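Peer 1: Handing you a structure now.
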Amino acid sequence: MITTALTELLRIRVPVVQGGMQWVGKPPLVAAVSNAGGLGILTALTQPNPDALRVAIRETKVATDKPFGVNITLLPSINPPDYEGYARVAVEEGVRIFETAGNNPGKLINFFKSHGCIVIHKCTTIRHAKSAERMGVDVLSIDGFECAGHPGEEDIGGLVLLARAAQELKIPYIASGGFADGRGLTSAIALGAAGVNMGTRFMCTVESPIHQRIKEKIIASTEQDTIHILRSLNNTARVFKNGVSKQVVALERRPGGAEFADLRDLVSGVRGKVVYEIGDPEYGIWSAGIAMGLIKDIPTCDVLLRRIEKEAEEIIDGMRKQIKPMAKL
Ligand code: NAD
């Protein structure tokens with residue numbers, strides 16, 4: 001067993017968090033991750049309104065008696081969501097672990113902390129991480145350039161970003177972006193992290209609620225099959241490289257660039273949702289990280305987390321053996 005500040009704080013067995021994923025972080029996956037010993041996280045905005053989130057929380061509680069959390073992401077949206085309503089409902093339903101992400105999270109963080117909740121805040125720069133630390137969050141999720149979805153605009157890879165976190169942060173942090181296996185978990189721990197956050201890897205599990213053809217597409221793809229969209233609007237997102245995302249980038253790069261209105265119908269999350277429902281990877285935009293290159297199968301969450309634990313333990317043992325003879329020289 002790998003015990004860290006994260007496993008102790010959250011009372012979980014494996015230091016692995018399933019991060020918020022639009023249209024993917026639904027009760028069956030969340031419960032499966034928590035039952036497997038990690039921390040499952042429901043994505044609030046995947047539910048059409050706060051009452052639907054209430055139903056999803058109740059459904060998750062029926063499926064697991066282990067801790068799970070709720071993600072609320074504050075980013076530009078075509079239809080601005082009722083963030084406060086989602087937060088209130090989750091607290092009313094007894095959720096005590098939250099993952100926050102995005103812009104201006106102060107009000108939300110204060111609300112959760114005033115209700116005694118644990119807050120994991122996702123950041124893509126050390127400056128934002130230190131600011132969230134001052135706001136009183138409990139854990140930082142340090143999200144490197146490798147990640148799916150919104151990596152920020154600075155393009156700092158996990159290797160340096162996590163080492164910087166080790167230099168600068170006082171509270172525990174987990175590593176996010178590019179993690180999919182025991183080797184990644186071990187590296188994250190070496191870089192001072194108390195665990196990892198995984199998204200794309202969990203999309204490709206038996207319990208993930210997306211179409212089988214999309215899971216197979218992830219396996220068939222490599223680390224070269226993602227692309228950044230919306231960079232010209234300072235709202236960069238790493239998504240699967242397909243005809244739609246390439247068209248978005250082409251519009252952004254044309255002389256004079258593009259306004260959001262020119263891109264809205266192409267990038268709409270509602271269209272991305274259909275990708276997962278009908279299993280057509282070309283239908284719209286869908287998030288994927290470069291960890292895709294590491295994914296070769298569709299295990300259950302239980303098999304996946306046991307494998308990650310075992311791999312990490314073997315690598316740590318192997319490193320000890322490798323280092324000993326060297327020390328004698
Ligand atoms: P959406 O359909 O509202 O928007 C699609 C994309 O366009 C998103 O990347 C969004 O950030 C961006 N966008 C919207 N309005 C914009 C504007 N005026 N200027 C620049 N960019 C703009 O998004 P959705 O897929 O329905 O998701 C709803 C919200 O959840 C969005 O804010 C999205 O970024 C966020 N999200 C959350 C997660 C998560 O893990 N929790 C994952 C993906 C997206």
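Peer 1: Search the range 63-83 for residues that are in contact (Cβ under 8 Å) with a residue 40 or more places away in the chain and assigned to a loop (DSSP other than H, G, I, E, B) and pair each with any residue that is near the ligand (Cβ under 8 Å from one of its atoms) and open to solvent by less than 40 Å² (accessible area, probe 1.4 Å) when their beta-carbon atoms are under 7 Å apart and the residues are at least 6 apart or on different chains.
Peer 2: Final answer for the pair search is Leu75/Gly102; Leu75/Asn235; Pro76/Asn235; Ile78/Ser268.
Peer 1: Next up: I'd like to know if the range 66-75 contains one or more residues that are closer than 30 Å to Leu233 by Cα and more than 16 Å from the ligand (Cβ to nearest atom).
Peer 2: no
Peer 1: Please determine, by comparing only the residues of the range 267-308 that are more than 16 Å from the ligand (Cβ to nearest atom) and charged (D, E, K, R), which one is most open to solvent (accessible area, probe 1.4 Å).
Peer 2: It comes out as Lys296.
Peer 1: Scan the range 152-168 residue by residue and report those that are farther than 17 Å from Ala194 by Cβ and either crowded, with 23+ Cβ neighbours inside 10 Å or of a type in the set (A, V, I, L, M) (or both).
Peer 2: Ile156, Leu159, Val160
Peer 1: Here's something else I'd like to know. So which residues in the range 19-49 are within 8 Å of the ligand (Cβ to nearest atom), part of a helix (DSSP H, G or I) and among the hydrophobic types (A, V, I, L, M, F, W, C)?
Peer 2: Ala44, Leu45 - these are the residues of the range 19-49 that are within 8 Å of the ligand (Cβ to nearest atom), part of a helix (DSSP H, G or I) and among the hydrophobic types (A, V, I, L, M, F, W, C).
Peer 1: Return the residues of the range 201-235 that are more than 20 Å from Tyr283 (Cα to Cα) and open to solvent by less than 60 Å² (accessible area, probe 1.4 Å); say none if nothing qualifies.
Peer 2: Arg201, Phe202, Thr205, Glu207, Asn235
Peer 1: Could you say which residue among Thr236, Thr186 is β-branched (Val, Ile, Thr) and within 17 Å of the chain's Cα centre (by Cα)?
Peer 2: Thr236
Peer 1: Scan the range 257-266 residue by residue and report those that are near the ligand (Cβ under 10 Å from one of its atoms) and either in a loop (DSSP other than H, G, I, E, B) or assigned by the TED database to the domain that holds Ser77 (or both).
Peer 2: The one that is near the ligand (Cβ under 10 Å from one of its atoms) and either in a loop (DSSP other than H, G, I, E, B) or assigned by the TED database to the domain that holds Ser77 (or both): Glu259.
Peer 1: Tell me which residues, restricted to the range 97-149, are within 16 Å of the ligand (Cβ to nearest atom), touching a Gly at 6+ places or on another chain (Cβ under 6 Å) and under 23 Å from Ile229 (Cα atoms).
Peer 2: Residues satisfying the conditions are Thr124, Asp143, Gly144, Glu146, Cys147, Ala148.
Peer 1: Can you name every residue in the range 93-133 that is of a type in the set (S, T, N, Q) and buried (at least 17 other Cβ atoms within 10 Å of the Cβ)?
Peer 2: Residues satisfying the conditions are Thr100, Thr124.
Peer 1: Related question: If Ser208 meets every condition in (1) within 13 Å of the ligand (Cβ to nearest atom); (2) in contact with a Leu (Cβ under 6 Å, 6 or more places away or on another chain) apart from one, which number is that one?
Peer 2: (1)
Here's the yes/no breakdown for (1) open to solvent by less than 10 Å² (accessible area, probe 1.4 Å); (2) touching a strand residue (DSSP E or B) at 6+ places or on another chain (Cβ under 8 Å):
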| residue | (1), (2) |
| --- | --- |
| Thr3 | no, no |
| Glu8 | no, no |
| Pro15 | yes, yes |
| Gln18 | yes, yes |
| Gln22 | no, yes |
| Leu45 | no, yes |
| Pro48 | no, no |
| Ala56 | yes, yes |
| Glu59 | no, no |
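Peer 1: Mind telling me which of the residues Ile189, Ile171 ends up being in a loop (DSSP other than H, G, I, E, B), hydrophobic (A, V, I, L, M, F, W, C) and touching a residue at least 24 places away in the same chain (Cβ under 8 Å)?
Peer 2: When all the criteria are applied, what remains is Ile171.
Peer 1: Next up: Which of (1) more than 23 Å from Gly184 (Cα to Cα); (2) open to solvent by 10 Å² or more (accessible area, probe 1.4 Å) does Ala90 not meet, given it meets every other one?
Peer 2: Here Ala90 clears every test but (2).
Peer 1: For the range 246-256, how many residues meet the condition of being out of contact with any helix residue (DSSP H, G or I) (no Cβ under 8 Å at 6 or more places or on another chain) and either in a loop (DSSP other than H, G, I, E, B) or within 11 Å of the ligand (Cβ to nearest atom) (or both)?
Peer 2: So the answer is 3.
The values are calculated or read from the model by the stated rules, or taken from the named source; none is laboratory data. Note that this is a predicted model, so its numbers are computed, not measured. Cβ sites come from the backbone with ideal geometry, for glycine too, and all protein chains shown count toward neighbours. Side chains are part of the model used for accessible areas, which takes the heavy atoms of the whole protein and leaves out ligands, DNA and RNA. Shrake-Rupley method; radii C 1.70, N 1.55, O 1.52, S 1.80 Å.
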